[in-house]
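Structure, as structure tokens:
The values are calculated or read from the model by the stated rules, or taken from the named source; none is laboratory data. None of the values given here were measured: they were computed from a predicted structure. Accessible surface areas use protein heavy atoms only, side chains included; no ligands, DNA or RNA. Shrake-Rupley method; radii C 1.70, N 1.55, O 1.52, S 1.80 Å.
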Amino acid sequence: MLDFEADLAAVFFCADFAMPFTRQRPLVSDVEVLGILGVTEDDALDAHAIAITRSLRLPSTADVRADDVLVAVQAVAAMGVEQGARFRVLDLPLRVNDGMECEALLGSVGP
């Protein structure tokens with residue numbers, strides 16, 4: 001029998017591709033989540049500008065919700081992310097591909 005969750009963890013959401021974040025939510029213990037950080041580009045202002053936002057690809061089993069704060073456990077210099085950088089999940093993560101993954105749009109959180 002195929003174990004898609006184990007395959008996702010072994011292939012995509014492992015240290016080779018994914019980076020660890022500490023998920024913070026009021027009144028709940030912090031937990032670690034792994035995700036693949038990326039950038040999403042969308043047209044803005046009637047296609048006169050491009051809006052760039054960060055996104056995080058996660059397994060759909062990850063307990064991440066709108067308004068959660070994700071803290072980078074390690075730096076990713078190539079993406080301009082410092083250790084301890086904080087991101088807020090802007091909306092409920094959307095399921096993508098076959099539904100085994102989801103994508104969350106991230107916004108910055110002040111210090």
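Miscellaneous remarks
- Compared with the alpha-carbon gap, the fully stretched path from residue 43 to residue 108 is longer by 21.4 nm at 0.36 nm per residue.
- Note on the chain: with neighbouring protein chains present and a 1.4 Å probe, carbon and sulfur make up 55 percent of its accessible heavy-atom surface.
- One chain, two ends: residue 78 and residue 50. Fully extended at 0.36 nm per residue, the span grows by 8.0 nm beyond their Cα-Cα distance.
- Note on the chain: Rg/Rh from Cα positions, Kirkwood definition for Rh, rounded to two decimals, is 0.98.
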